[in-house]
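Nothing in this text is a laboratory measurement; each read-out follows from the coordinates by a stated rule. Nothing here was measured: the structure is a model prediction, and the numbers come from that model. Every residue, glycine among them, receives a Cβ derived from its backbone with ideal geometry; neighbour counts consider all protein chains shown.
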Amino acid sequence: TADGHYLLLELHTKRRSLSSLTLHRHVGLGDVVGVGGNKVYYYDLCKFDGVYAESLGSCVKLIDTFRFSFIYISSIEDDFWFYTNYNAPRGRVVRVTLPSLNSHEDDVEEDGVRFTLLNAWKASLDWIPQHPEDTLISAGIAAHTVLVLKYQKEHNHEVLLYDLTQNLVEESQVPIATLPHPNHGTIIGPSSNFYSAEIFYQFSSLSDPSSVYRCLIDRDPFTGSVSISFHEVNATSLPNTDKYLYDTEVVNVPLPSSDTTAPPASQTPFSPSSGAPPAATSPARTLPLLVFGRREVVEEAVYEGLPRPTLLLVYADQSFSYTPKFSLPLLLYAKHCRGLVCAVNLGHTGVSER
């Protein structure tokens with residue numbers, strides 16, 4: 001740990017022998033769920049003399065099962081924050097308080113190594129509960145106490161910042177900031193570490209090849225309040241192409257009712273003066289459809305109902321959601337053919353077989 005108090009050991013299954021850093025940075029926390037989980041052991045270094053391994057004492061089995069993922073994020077004294085999919089398929093953040101090991105009864109020895117078996121943690125707190133719809137795909141730390149969480153939304157990424165020094169769960173559930181970026185795109189990163197007050201992240205969309213942003217975290221040493229500033233540090237532009245001439249919108253398309261006896265839902269063209277799309281005449285679920293193209297073409301298709309040449313991208317994987325990334329062929333198609341690019345995620349709606 002950053003304070004040098006604990007030595008953490010993460011054990012992973014042999015079928016994917018990757019370190020937690022590799023899993024976190026390259027595979028993604030969402031894929032760690034499929035790895036089969038990991039175990040977490042630790043040593044208390046307060047009595048370690050720096051020379052003899054015997055002075056380390058017993059190895060404590062904090063999490064001794066491969067059924068779930070427990071990825072270490074950060075710690076403050078005896079409070080540890082983990083990303084986990086335990087009782088949370090979409091991921092959550094828990095705070096675990098380590099117990100006092102001054103007196104313990106359950107000590108075993110395996111292959112010459114002394115282990116301490118914990119009957120229970122001292123305390124466990126659901127710090128950031130599972131989101132009802134979005135999936136937590138990465139978790140990091142910045143500026144010692146700022147938690148950086150990246151969520152996968154329907155057609156977008158969202159990065160929220162939380163303050164670990166807040167004591168109440170109700171307070172910790174309120175983010176102190178959201179990393180700004182143009183809507184409907186893919187965030188690569190964010191890149192952060194415990195010792196730095198800077199966070200860098202890259203944004204890409206169907207019309208934006210790459211924009212790099214910098215977030216600077218400043219904490220007042222007297223009041224403890226956190227202020228955050230943002231600015232764009234680099235942007236990639238294409239010759240003879242203005243990314244602001246293109247637009248991306250999400251339109252909710254009604255799905256057929258599961259009840260075959262119910263009349264089908266009807267929908268009229270969306271009028272801008274109404275302020276919102278008309279409601280279906282019969283209750284029906286809706287499917288978010290991402291629509292990209294030249295701004296005037298998107299407006300004609302979405303608001304006036306005029307047909308346009310359309311390229312439809314369909315994703316039916318329940319573990320994957322499409323987020324727009326830059327594609328030169330799709331951009332040229334929208335620019336010269338004045339067509340639309342539509343993307344839909346069927347896997348999260350339960351209608352992938354229809």
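Which of rounded, prolate, oblate describes segment 175-257, given a ≥ b ≥ c as roots of the alpha-carbon gyration tensor eigenvalues and a/c under 1.5 marking rounded, otherwise prolate only if a/b is larger than b/c? Cα axes put segment 175-257 in the oblate bin. Backbone amide hydrogens, once placed in the peptide plane, bring Ala177 within less than 5 Å of Leu161, excluding anything fewer than 5 places away on its chain. Rounded, prolate or oblate: which one fits segment 287-336, using the alpha carbon gyration tensor with axes a ≥ b ≥ c (rounded when a/c is under 1.5, else prolate when a/b beats b/c, else oblate)? Here segment 287-336 falls in the oblate category. Measuring nothing but how far apart in sequence close Cα pairs (under 8 Å, 6+ apart) lie, relative to its length, segment 112-228 scores a relative contact order of 18 percent. Taking Cα centre as origin and charging only the Cβ of basic (Lys, Arg, +1) and acidic (Asp, Glu, -1) residues, the dipole magnitude of segment 126-227 rounds to 320 debye. Are there trypsin sites (Lys or Arg not before Pro) in segment 49-90 that DSSP puts in a loop and that have at most 16 other Cβ atoms within 10 Å, and which ones? Those that pass, being in a loop and sparsely packed, are Arg67. Qualifying chymotrypsin sites (Phe, Trp or Tyr not before Pro) in segment 145-204, where qualification requires a DSSP coil assignment and no more than 14 other C-beta atoms within 10 Å, comprise Tyr195.
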